[in-house]
Structures are given as C-alpha cells and as structure tokens.
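The block underneath contains the structure these notes are about, expressed in structure tokens.
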Amino acid sequence: MDSLEHLNPQQRAAVTASAGPVLVLAGPGSGKTRVLTFRIGYLLSQLGVAPHHILAVTFTNKAAREMQSRVEKLLGHSLQGMWLGTFHAICARILRREQQYLPLDANFVIFDEDDQQALIKRALRDLNLDEKLYRPTSVHAAISNAKNNLILPEDYPTATYRDEVVARVYKRYQELLVSSNAVDFDDLLLYAWKLLNEFSTVREQYARRFEHILVDEFQDTNLAQYELVKLLASYHRNLFVVGDEDQSIYRWRGADYRNVLRFEEDFPDRQKILLEQNYRSTQRVLDAAQAVINRNRNRTPKRLKSTPEHGEGEKLVLYEAVDDYGEAAFVVDTIQQLVAGGKARPGDFAIMYRTNAQSRLLEEAFLRAGVPYRLVGAMRFYGRREVKDMIAYLRLVQNPADEASLGRVINVPPRGIGDKSQLALQMEAQRTGRSAGLILMELGREGKDSPHWQALGRNASLLADFGSLLGEWHRLKDEISLPSLFQRILNDLAYREYIDDNTEEGQSRWENVQELLRIAYEYEEKGLTAFLENLALVSDQDTLPENVEAPTLLTLHAAKGLEFPIVFITGLDDGLIPHNRSLDDPEAMAEERRLFYVGLTRAKKRVYLVRAAQRSTYGSFQDSIPSRFLKDIPADLIQQDGRGRRMGRSWQSESRRSWDDNYAGTWGSRPERAKPSHAPILQPRFKPGMRVKHPSWGEGLVVDSRIQDEDETVDIFFDSVGFKRVIASIANLEILS
DNA sequence: CCGATGAAACACTGG
DNA sequence: GTTTCATCGG
C-alpha cells in the first residue's frame, strides 16, 4: 500500500484512521470513492482484517461492483467473503439466511412498486374504503414513510380519523404481504432491523462478524438504515461513514441528512474528517455550485477548492430556448458541433432533467439527428408489459403464494379465466385459508378428486388447466436450469404467438422477452431466486450501458455519484427546478436546491444551463419563467449563448426584454426575478376570506396574502388537502368570491 | 369472457 | 402526449 503516498493529507487521515467511529464529510469530487476503496485496502493489507469481517454499503449495485473491482486491483487478489452491496441487497441476504425467524418461507419474493400499489388497492377494497377518498398512492406513501421510521402497524399514531384509516390499511396490507410470502422494499430494512433488535443471538452473530462497517452516501440513509447499521456495529463500533449533507436528495424516500448529526451525538468519540479538495471540476463550476448551495441554512460550511491543473475554466453557458423543442434541439446541435469540431467525444456529455417525462423530447431530437444516446432508467425495459408478465410468471413459479403475480398473469394470454372465476377462486382461498396458487396447483394435480373442484363449480375446469401448468413448472424449477425453465414457460404459453403479431411493435415486444431470457442465461448458475432478487433491486444507474461512447440522458437524481466532462442541465424553469410540488415547503425547497447543486457538481469542464420560455404540458403550451436558482449564480460566471436570439420569431423581443431588463446584470446582486409576461405585482390580488379554486387542489379559503420577491404569496386552506402556501403567478388560482 | 373503442385522467424524484 | 378505465357488441 505504498500508493498511500498519492493521497492528500485529509484523505490519508481518513484511510488510516484508527479504530472506532469515523465520519467523513466529503464534498463533491473530493475522492470519496477513492477513500473508501483505499480504506478497505488498508484494513485488509495493513491491519490484516479478513475480507469476511468487512461490510461495505453502497448506494447502487453499480457502485458496489466498481468498488469491488477497484479494491481487487489495488490488492491484486479477490475479496472472497466480503459483504458489499446496497442496503436492500444486504438486508435481503440477511433475511434469506435467517428466514426461520420471519413469517416468510425461503422463497419469498420482493414486490415492486406496481405490486405494492395493487396490494394497497386490494387492502382498500377489503376494508370497503373509497379509492377516491383514500388515494392508493398517498396511503402507500404514508405506510412507506412509517416503515422507514420503524413504525409498526400497531404503533401507527392515530391523531386524526384519516390516520386511523391508514393504520387499518397498513395492518391489512401487511397481512396481505405475509400471506403472499412477499416483502416490499421497506420491509427488507424493517424486517432486518426487527430481527437484529429482537433476537440478541442473531445480532451478536452479525455484530461480531462485521469488525468493520463502511457506509457510502450516508446523508441519504433513512432512520431504518441508520438504526440497522448501529445494531450491526454494536459490538466492534468500527463504523466508517462517508457523506455530504449538501448532496442529500432522497428526503421523499425517508432519507434524513440529520443522520449525520445523530451520528455525532450517538458516537461522541467519533473522528471527523472534512474533504474539501476537489479533483473533478474547474474553479468556475465550483464557484457557481457553491453560490447556489450557500443559500441553504443548517449545513456545515465548506470551501471547495479546485486543483491548479483544472484552472479557472470556462464560464457556464446559459441558453434560453423558445420552447422545449428548441431546448432539445440546442442540446443535440451543441453536441454535434463540439463532436464534429473535435472538441469533445460523444461520451463526454450528460443531459440532465428533473422529471423523466422530459426525456421524451430529448430522445426524439437525438433520434431525428441520428445521434446515438444512452438513457438511464430501469423503467424503459423492466417496465414493459411483456417483461413484467414474464417476470410475474417466474415469480409465481418460485412462490405460488404470490397474489400480485397471480393476478397479473392468471388470464394472460387469455384463457377464459375472467373476473368471475378469479373472484370465485379468491373466495375459495379465503374460505379454506390457503393461497390461491396452492389451490390452483392442487386442482391441476387432482382434478375432480380435489375438494376444491366442487366448490368452484363450472369455473373449476379452466382453473385446473392453468393449475396443472403452474404445478408442472413448479416441479421443474429445481430440476432444470433457469433458462430452460424460462423457455419451457414460453413454449407452454405459446407466448411468442401471443405478443408478436408481426407488426413492428410486436417484434419489439418479442425482442424484449428475448432480452430478459438473455439475462436469465447470466443467472444459469446462481438460479431463480438470485435472478428475481436482482431484478427487483436493480437501480436506474445499474441499467446504464457500459463502454458505450454516447451522450447520457438521466434525471438529476440518477446523476448522483457520476461525473461527466460536459453537463447540460435542462428545464431550468420555475416549476421544474424547483419543482412545483416543493414550492410550499421550505425543507423541500432546500432539497431542490441541493438537487441543482448535485447536477452542477457533476461537471468536470463545462456546464450548459438550458431553459425554455414555453413548454408543453399535457399537450398544450404554457409560459414558464426562469428558475429562481439561476439568479443565485454570480453574473460574471455566466455567458449567454446567442444562438437562440437570432432565431427571429415573435418571442424574441419579449424574451430579450425580459432578459435585458429584468435579468442581465442582476445576478446575485438584486433579488429580482424575470417576469416575461407581466409587470411586477405591487398590490395583493387575493385577500383573506376569499374563496379560490386551484387546478389540482380544488377550492379553498384564502387565509393570508403578501407581496414577496415581486410576486404574491398566498396562504390557502383547501377543502381537500388543508393548508398550502402558493405563489400566485404560478398557481393559476381562480377567484370564486 | 374478449377485444375494440373512446373518454378521462394524467406525470416529481426510485430501491 | 400517454396510459388507464369504462362501456359495448360479438
């Protein structure tokens, strides 16, 4: 490990820190991954720790793979026995090993978002609740939030009637999961924590084993993950966590950057190391990013410094397009020009956006220009119906109790089992206390001899046909290889004939199925359980094709941990960045700002800030105003790209006026915001007592209104969602009385 | 029970 | 612009 010479003093202090709790606060590009890999290498080679005594937690599987290969390269041998993976993957591993302590059997499956949603709906139906009144998404969010905060159904606080309802749904949902022999993502963490919390022998076993625990992206852990790590580290207390409060962007998923503060309270003897030296970006990029993030309160102030060889760097380029088509065209044009001029390679570029929906226009522009691109996002492939259906078949074979998968495929392709038959089957399952899948398999095996045959009447025969198929696959699953099983199912279903109707679309559907089959071949050795588990736990970043030289399209969230020479941040309009749904919540606004900061700090050399004066939502055009975060970047760090202004159109004069009069020269100095279409508001339009109507929240009562930043901020109590704070120019309020 | 058709709702981020 | 749901005739 003489390579320690190549680390800076802070990095070296972190890598060689003595035993005990260590907190590393690492700014973007400060060599965080390097510190983690060297730390593992140091533990293994200098302190003689055996790989099997180390646990390292990363944010994505991709990060885990990268870290593994980096350490192996550093040491020159393999890391057999070390535990390395995401929280969810590690918990799944623990749960499978300790399955006897759980209300599940070893074949349990992991439910994805759709399955969870379906199960919530089922629970609502079972409890006779109105889906209109109790939106499945919102109920599910409340339950997920509870789980992330280690709140069990019986402990769910019921301050209001609504809470009481949620508590009942939570309870029922959990029963349904257990009877499906399934867990959701949150259960992976919750069960693992419960297991270690309740069974001291199990806790001892793991806590003694893991002499050293390392956690990456610590700012994005939630309470369940934090408490779990504390239990795992309870014996040796060698807990090495690395994070950056400024890059915490998963609050909505339960992540709490205050875990950094908790860590300092819970481990007062912790060593604390600050990494501020940036090895990634030019100073201009860093100055812009810091100007943005410095507006957030409650953070550890940092002073990011670039290295001399990066130099000052170029100014950030700002481009305002007419509309979102122009925005996409600008991105593709710029890339083509830079590549054609030999200034950059296609793989140097990343195009970032706030919402996935924004990728469509960008993709179209790339396609039209004939420029290949790569898109980050699992949805693309795994979200396809035919892929989900095949996965559901495999899950059902693995775990016949899986109600969600059964419901999905019981009549796909159509085999005459409609709503009526399915309901009858469900009733029979409830009556006999067995799972629908087991009943089906018994019908298939025993036919008329089964006691269920009579009970199901004229539905029995078709159900039995399907049951015998299912039973046959289930029998084969431990005899033949995963790919053979997969092909057997395809054959038995005549699935190709079903989905491939010889249209272009049909062919692409079949290609998707074959791609899944190809992936199944990769799991020939590891088997069905591992295959399904990996499918459930792939992250967006994991789907990024490697070694492909093309621009990368991705959300700002997916950009975390990555870096690119040239970064486009698109959709820099109020309502997108910051997002509409965050405007009324200061904590959410702070997170939007961090998200922008994360995007900016991905760039090594150059940043393009792109917005559109108009964009299409739901099909119709709407005017938009520049992101309020733009004005926090000092003017001397920004240059405008003039191309947009020469495209003579009616918007031109207006855009120019808005820019020159309200914007240019005001960077960071005056707190003004551009107003393309109307003069600054001086008098409130809304007064307390008024009835108003909001496009999504419906009617409400104005409680208060005031002028802020030349716009009107209105506090409203809505009939449907309660108290909200809105910006009048954005909210599109209608005065009713 | 099935497939087609059109209306209606609809999308923030993701393991 | 896309997906999901409700309805209808076969």
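A quick yes/no check of all residues on (1) buried (at least 18 other Cβ atoms within 10 Å of the Cβ); (2) within 16 Å of DNA strand B (Cβ to nearest atom); (3) not assigned by the TED database to the domain that holds A:Ile249:
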site: A:Gln336; (1), (2), (3): no, no, yes
site: A:Ala340; (1), (2), (3): no, no, yes
site: A:Arg345; (1), (2), (3): no, no, yes
site: A:Asp348; (1), (2), (3): yes, no, yes
site: A:Gln358; (1), (2), (3): yes, yes, yes
site: A:Leu362; (1), (2), (3): yes, yes, yes
In segment A:263-279, residue farthest from A:Glu217 (Cα to Cα) [restricted to those that are at pLDDT 95 or above and charged (D, E, K, R)]
A:Asp269
I need every pair where a residue in segment A:134-151 that is not assigned by the TED database to the domain that holds A:Asp220 has its Cβ under 6 Å from the Cβ of a residue that is in a helix (DSSP H, G or I) and of a type in the set (Lys, Arg), sequence separation at least 6 or different chains.
A:Pro136/A:Lys121
Starting from residues that are within 11 Å of DNA strand B (Cβ to nearest atom) and in a helix (DSSP H, G or I), keep the ones in segment A:370-421 and report whichever is modelled with the lowest pLDDT.
A:Met379
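So, A:Asp419, is that one within 16 Å of DNA strand C (Cβ to nearest atom), of a type in the set (Asp, Glu) and free of Cβ contacts under 8 Å to residues at least 24 places away in the same chain or not? Please lay out each step first, then the result.
Values: within 16 Å of DNA strand C (Cβ to nearest atom): yes; of a type in the set (Asp, Glu): yes; free of Cβ contacts under 8 Å to residues at least 24 places away in the same chain: yes.
Yes, satisfied.
Specify which of the listed residues (A:Arg295, A:Arg280) is of a type in the set (D, E, K, R), under 16 Å from A:Ile566 (Cβ atoms) and outside the structural domain of A:Gly599 (by the TED database). Step through it out loud before you land on a result.
Values: A:Arg295 fails: under 16 Å from A:Ile566 (Cβ atoms).
Only one candidate passes the filter, namely A:Arg280.
In a helix (DSSP H, G or I) and at pLDDT 95 or above: is that true of A:Val332 in this structure? Before you say what the answer is, go through the steps one by one.
On the way: in a helix (DSSP H, G or I): yes; at pLDDT 95 or above: yes.
Taking the combined requirement at face value, the residue satisfies it.
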Pairs only if they're at least six apart or on different chains, beta carbon under 8 angstrom, first in segment A:4-24 and assigned to a strand (DSSP E or B), second polar (S, T, N, Q); list them, first residue then second.
A:Val22/A:Gln271; A:Leu23/A:Gln271
When you check A:Asn128 against the structure, is it in a helix (DSSP H, G or I), out of contact with any Phe, Trp or Tyr (no Cβ under 7 Å at 6 or more places or on another chain) and surrounded by fewer than 20 Cβ atoms within 10 Å (Cβ to Cβ), yes or no?
no
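Taking the options A:Ala182, A:Ala255, A:Ala233, A:Ala192, name whichever one is more than 16 Å from DNA strand C (Cβ to nearest atom) and surrounded by fewer than 23 Cβ atoms within 10 Å (Cβ to Cβ).
Working: A:Ala182 fails: surrounded by fewer than 23 Cβ atoms within 10 Å (Cβ to Cβ); A:Ala233 fails: surrounded by fewer than 23 Cβ atoms within 10 Å (Cβ to Cβ); A:Ala192 fails: surrounded by fewer than 23 Cβ atoms within 10 Å (Cβ to Cβ).
Sole residue among the options that is more than 16 Å from DNA strand C (Cβ to nearest atom) and surrounded by fewer than 23 Cβ atoms within 10 Å (Cβ to Cβ): A:Ala255.
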Filtering segment A:592-641 down to residues that are within 16 Å of DNA strand B (Cβ to nearest atom) and part of a helix (DSSP H, G or I), which residue is nearest to the chain's Cα centre (by Cα)?
A:Leu595
Every residue from segment A:66-114 that is within 26 Å of the chain's Cα centre (by Cα) and loosely packed, with under 15 Cβ neighbours inside 10 Å
A:Ser69, A:Glu113, A:Asp114
Tell me, please, whether a residue that is basic (Lys, Arg), without any contact (Cβ under 8 Å) to a residue 12 or more places away in the chain and over 29 Å from A:Asp112 (Cα atoms) can be found in segment A:346-364.
no
Name the single residue that is farthest from DNA strand C (Cβ to nearest atom) among those in segment A:591-623 being touching a Gly at 6+ places or on another chain (Cβ under 8 Å) and within 30 Å of A:Thr300 (Cα to Cα).
A:Lys605
For the condition in contact with a Phe, Trp or Tyr (Cβ under 7 Å, 6 or more places away or on another chain) and either small (Gly, Ala, Ser) or free of Cβ contacts under 8 Å to residues at least 24 places away in the same chain (or both), what is the one hit in A:Gly48, A:Gly81, A:Gly31?
A:Gly31
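Going residue by residue through segment A:600-616, is there one that turns out to be of a type in the set (Ser, Thr, Tyr), outside the structural domain of A:His694 (by the TED database) and surrounded by fewer than 19 Cβ atoms within 10 Å (Cβ to Cβ)? Lay out the reasoning, then the answer.
Pass one, segment A:600-616, residues of a type in the set (Ser, Thr, Tyr): A:601, A:608, A:616.
Next, only the ones that are outside the structural domain of A:His694 (by the TED database) stay: A:601, A:608, A:616.
Now restrict to residues that are surrounded by fewer than 19 Cβ atoms within 10 Å (Cβ to Cβ): A:616.
Checked segment A:600-616: at least one residue is of a type in the set (Ser, Thr, Tyr), outside the structural domain of A:His694 (by the TED database) and surrounded by fewer than 19 Cβ atoms within 10 Å (Cβ to Cβ).
Please tell me if A:Ile213 is among the β-branched types (Val, Ile, Thr) and in a loop (DSSP other than H, G, I, E, B). It would help to see each step written out before you state the result.
Details: among the β-branched types (Val, Ile, Thr): yes; in a loop (DSSP other than H, G, I, E, B): no.
No: the conditions fail for A:Ile213.
Quick check on my filter: what residues within segment A:19-44 are among the hydroxyl-bearing types (Ser, Thr, Tyr) and at pLDDT 95 or above? So that I can check it myself, show each step before the final result.
First, pick out the residues of segment A:19-44 that are among the hydroxyl-bearing types (Ser, Thr, Tyr): A:30, A:33, A:37, A:42.
Matches in segment A:19-44: A:Ser30, A:Thr37, A:Tyr42.
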Take the residues in segment A:359-395 that are closer than 28 Å to A:Glu592 by Cα and within 12 Å of DNA strand C (Cβ to nearest atom), then tell me which one is farthest from the chain's Cα centre (by Cα).
A:Glu364
In the list A:Pro400, A:Pro414, which residue meets the criterion of being within 16 Å of DNA strand C (Cβ to nearest atom) and not small (Gly, Ala, Ser)?
A:Pro414
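The values are calculated or read from the model by the stated rules, or taken from the named source; none is laboratory data. Owing to the predicted nature of the structure, the values given are computational and were not obtained by experimental measurement. Because the Cβ atoms are built from the backbone with ideal geometry, glycine has one as well, and the counts that use them run over all protein chains shown.
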